Amino acid sequence: MADNDRPGATSRIIRWIDYRLPFVSLLRHELYDYPTPRNLTYWWNFGSLAGIMLVVMIVTGIFLAMNYTPNAKLAFDSVERIMRDVNWGWLIRYLHMVGASMFFAIVYIHLFRGLYYGSYKNPRELLWIIGVIILLLMIATAFMGYVLPWGQMSYWAATVITNLFSAFPVIGHPIVTWLWGGYAVGNPTLNRFFALHYLLPFIILGFVLLHLVALHRFGSNNPLGIDVKGPQDTLPFHPYYTIKDLFGLTVFLVIYLGFVFYAPNFFTNPDNYIPANPLQTPPEIVPEWYLLPFYAILRSVPSKLLGVIAAFGAILVLFFLPWLDTSPVRSARFRPIYKKIYWLLVVDVLALGWVGDHPPEGIVVTIGHIATFYYFLHMLILFPLIGKIERPLPLPESIGAAVLREHREPANAGAPIGKS
């Protein structure tokens, strides 16, 4: 009898707490009953995957910090000790190291999905801006984390990247001196980067919560790019999208753990397994793959100051995208010109990554100039221009009607939805 009474007692306690602190009801509304557009595809899985990866990075980072020594003479050896002597230390470090690449891959796919389906447009401008802030914080966190192993590439990447701020007149050199904690990269630099690398993920977590609040204010965008017009356009988040997210998570974990167990150094420069040596410069100093496009833009501009401005501008221009894109239609499905031009941007960013990974000589320099020019042409000229000259296809009357039509007319599934 006591066993049967327990669930009721527990339920009463939860209701008592929830009446005074409505945490359970909030979670139920946001994660269980939350009305979600009924036509979301697997491209929408990457938002939840990014949140999961952030938690993985924070948890593994905390365990690594327990055994890491932020000292220029001991940092490299402390990382080796984590790998060799700490129980499961090798696994925690590989989860963290490979996780950084997986995290950026997920966020980049999430970002390009937003570009294709117009998720940055009214009324979701602030949602997009918060996402760009998260990307900037991720880049800063990843760079500082790359310095912590204190290998050759860590040391020289810190030297080169922090020196970029010296290009700014008047304030540049004081900023570099402050970042270094002196007049050269050394122990104070490592301590500062360790402290900031530990702090920034929690700031990112705060912005992610703001991102979720902004998302739930107007709901998710959808492949059709039209607003929800009634209950027939939505489904409860659970169980429909929790199952979908779990399937996506399973596929992602197969890929993620495949790299962790079979190719953990696939994304890592081998020079970083050599202790930092201020007297020996590596033949080629390159950042991690997820920063290569910005590095390519930096190198493609002859002036150091203009190169730094262009590299930062490549990200900052994303803040203004909701106003640069003048088309009233969100989804590229109904924008015949933009749908084609969009893929040129994807190819351009991949080309910039290839340029950043190769020495600046020969054809690499030419491709870098062209790709850099096109990136800003696309963002600053083509976005406003296409929105004015393009004639979009007719939009469907509602999400529910479009979904039902797709099921009723499978033979015409490839035809534009809403086109008579």
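Coordinate-derived values only; no laboratory data. All values reported here derive from a predicted model rather than from experimental measurement. Please note: Cβ atoms are built from the backbone with ideal geometry, for glycine as well, and neighbour counts cover all protein chains shown.
What to note about this one:
- Proximal aspartates and glutamates relative to LYS339, as straight alpha-carbon distance under 18 Å, when same-chain residues fewer than 8 apart are discounted: ASP325, ASP348, GLU390
- HN-Hα J in Hz across the range 65-70 - Karplus 6.51, -1.76, 1.60, θ = phi - 60°, x for Gly and Pro: 5, 5, 10, 8, 10, x
- Separation of the alpha carbons by more than 28 angstrom is noted, of LYS121/LYS229; LYS121/LYS244; LYS304/LYS388; LYS244/LYS388, for LYS304/LYS388; LYS244/LYS388.
- Lys/Arg +1, Asp/Glu -1 at C-beta; the range 30-286 dipole; positive extreme among GLY248, VAL260, GLY47: GLY47
- FRET efficiency for TRP43 and LYS73, using Cβ-Cβ distance with R0 set to 56 Å, rounded to 0.05: 0.75
- Segment THR10-ILE58, length gained on full extension (0.36 nm per residue, minus Cα span): 14.1 nm
- Gyration tensor verdict on the range 32-177 (Cα atoms; rounded if a/c is under 1.5, prolate if a/b is larger than b/c, oblate otherwise): oblate
- In this Cβ point-charge picture (+1 for Lys and Arg, -1 for Asp and Glu), the range 30-286 has a dipole of about 160 debye about its Cα centre.
- Sites ASN87 and LEU249 - FRET efficiency at Förster radius 35 Å, r taken between beta-carbons, to 0.05: 0.85
- Global geometry of the chain, whether rounded, prolate or oblate, following the gyration tensor of its Cα atoms and the 1.5 cut on a/c: oblate
- Distance between modelled label sites at ALA401 and ARG217, nm, 7 Å Cα→Cβ extension: 3.0 nm
- The magnitude of the dipole of the range 65-122, with charges of +1 and -1 set on the Cβ of Lys/Arg and Asp/Glu and taken from the Cα centre, is near 220 debye.
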